[in-house]
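So the structure is just underneath, and the comments pick up after that.
The values are calculated or read from the model by the stated rules, or taken from the named source; none is laboratory data. These numbers come from a predicted model, not from an experiment. Note that each Cβ is placed from the backbone with ideal geometry, even for glycine, and that neighbours are counted across all protein chains shown. The accessibility values were calculated without ligands, DNA or RNA, using every heavy atom of the protein model including side chains. Shrake-Rupley method; radii C 1.70, N 1.55, O 1.52, S 1.80 Å.
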Amino acid sequence: MPGTFVTLYVLAFDLDERDQPVRAFGPRRAATKEAALEEARELAVTHAGVVV
């Protein structure tokens, strides 16, 4: 659709002492879909979960 745009964000989660997910940091804006996926892959190594 003309005039529309997409903004992608990457979120990472860690587990607290009760194994409940908590945000590791605030949402990070990604420049492109490829950049978001690459950052998500990198974050998945050190965090319990990642969402794009």
Cross-chain or 6+ apart pairs with Cβ under 8 Å, the range 21-32 first and at negative phi and open to solvent by less than 80 Å² (accessible area, probe 1.4 Å), then assigned to a strand (DSSP E or B) and among the small types (Gly, Ala, Ser): 24/12; 25/12
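Of everything in the range 25-47, what is outside any helix (DSSP H, G or I) and not charged (D, E, K, R)? Give them in sequence order.
First, pick out the residues of the range 25-47 that are outside any helix (DSSP H, G or I): 25-32, 45-47.
Result: 25, 26, 27, 30, 31, 32, 45, 46, 47.
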If we keep only residues of the range 34-52 that are under 17 Å from residue 5 (Cβ atoms) and in contact with a strand residue (DSSP E or B) (Cβ under 6 Å, 6 or more places away or on another chain), then the residue least open to solvent (accessible area, probe 1.4 Å) is 36
Can you find a residue in the range 4-16 that is aliphatic (A, V, I, L, M), without any contact (Cβ under 8 Å) to a residue 24 or more places away in the chain and open to solvent by less than 70 Å² (accessible area, probe 1.4 Å)? no
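From the list 22, 50, which residue is at pLDDT 95 or above, assigned to a strand (DSSP E or B), more than 9 Å from the chain's Cα centre (by Cα) and β-branched (Val, Ile, Thr)? Before the answer, list the steps.
Values: 50 fails: more than 9 Å from the chain's Cα centre (by Cα).
Just a single option satisfies the conditions, and that option is 22.
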Enumeration of residues in the range 1-19 that are hydroxyl-bearing (Ser, Thr, Tyr) and part of a loop (DSSP other than H, G, I, E, B): 4, 7
